[in-house]
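Visitor: Next up is a structure, given as structure tokens.
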Amino acid sequence: MSKVVACSSCGFKNPDSAKRCASCGASTDAPRSVRAGESPASKRYQQSGFSVLWLGVSFAVLVVLTGAIVVGLPMFVKAIDLEGRYGMIASIPVWFVGGLLVGMVSPGKTFAEPTVASLFVSIPTVAYLIKTQTVRTMDSFMYVIMAAIGIMFTMVGAYLGERIQMGPPVKSAD
């Protein structure tokens with residue numbers, strides 16, 4: 001039976017024969033240096049870099065989800081009216097779910113990519129919802145505030161997705 005080694009960078013359980021971590025790509029040969037007072041387990045939840053590829057994937061996921069729920073759903077189900085503030089209220093959980101999905105499927109730590117992608121998605125979403133409201137129900141500034149809340153919920157969703165993907169923390173032999 002093959003021995004399992006926990007990655008010193010992210011804590012992912014790799015086979016002993018692996019040269020690189022299957023989750024984050026860090027070398028499994030030499031442990032990373034740890035700053036004074038910092039445990040290797042605390043690095044488990046830190047993002048090491050920014051991936052443009054996963055930014056694109058996150059952007060695509062958020063555009064599809066936002067377009068399907070906020071724009072497409074009211075076109076097909078006439079009883080649903082997601083214009084104005086109701087569209088922004090619906091966007092927040094949509095972006096949370098998008099961050100959660102990307103966090104669950106992306107290799108390594110990807111908290112920043114879905115968050116930046118939701119910033120790029122929120123701009124046209126806010127513009128669309130302001131333009132299409134038939135009765136002015138909310139000031140433009142409130143749309144910006146709600147978009148910022150949605151961006152924060154995207155980051156929370158991405159973090160939870162990463163936590164789900166990593167599983168429980170590796171117990172140390174202290």
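Visitor: Name the residue that is farthest from the chain's Cα centre (by Cα), counting only residues in the range 128-144 that are farther than 16 Å from ALA90 by Cβ and part of a helix (DSSP H, G or I). Let's see the steps before the verdict.
Guide: Pass one, the range 128-144, residues farther than 16 Å from ALA90 by Cβ: 131, 134-136, 139-141, 144.
Next, from what is left, pick out any that are part of a helix (DSSP H, G or I): 131, 140-141, 144.
Details: LYS131: 28, SER140: 26, PHE141: 25, VAL144: 20 Å.
Among them, the one singled out is LYS131.
Let's see how each residue does on (1) of a type in the set (Gly, Ala, Ser); (2) part of a helix (DSSP H, G or I):
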| residue | (1), (2) |
| --- | --- |
| LYS78 | no, no |
| TYR86 | no, yes |
| SER91 | yes, yes |
| THR154 | no, yes |
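Visitor: Within the range 124-143, which residues are surrounded by fewer than 15 Cβ atoms within 10 Å (Cβ to Cβ), touching a residue at least 12 places away in the same chain (Cβ under 8 Å) and within 21 Å of VAL64 (Cα to Cα)?
Guide: THR132
Visitor: Then there is this: Only residues that are crowded, with 23+ Cβ neighbours inside 10 Å and more than 9 Å from the chain's Cα centre (by Cα): list them for the range 102-116, please.
Guide: Of everything in the range 102-116, just one residue is crowded, with 23+ Cβ neighbours inside 10 Å and more than 9 Å from the chain's Cα centre (by Cα), namely LYS109.
Visitor: Now for a different question. Of everything in the range 9-68 that's in contact with an Asp or Glu (Cβ under 8 Å, 6 or more places away or on another chain) and among the aromatic types (Phe, Trp, Tyr), which residue is modelled with the lowest pLDDT?
Guide: Ranking the candidates gives TYR45 first.
Visitor: Same structure again: Would you point out the residue of the range 149-172, among those that are farther than 19 Å from PHE59 by Cβ and among the hydrophobic types (A, V, I, L, M, F, W, C), that is modelled with the highest pLDDT? Break it down into steps so the answer makes sense when it comes.
Guide: Filtering the range 149-172 down to residues farther than 19 Å from PHE59 by Cβ leaves 149, 160, 163-172.
Then drop every residue that is not among the hydrophobic types (A, V, I, L, M, F, W, C), which leaves 149, 160, 164, 166, 170.
Values: ILE149: 96, LEU160: 93, ILE164: 88, MET166: 81, VAL170: 69.
By that ranking, first place goes to ILE149.
The values are calculated or read from the model by the stated rules, or taken from the named source; none is laboratory data. Keep in mind that what you see is a predicted model, and the values were worked out from it rather than measured. Neighbour counts run over all protein chains shown; Cβ positions are idealised from the backbone, glycine included.
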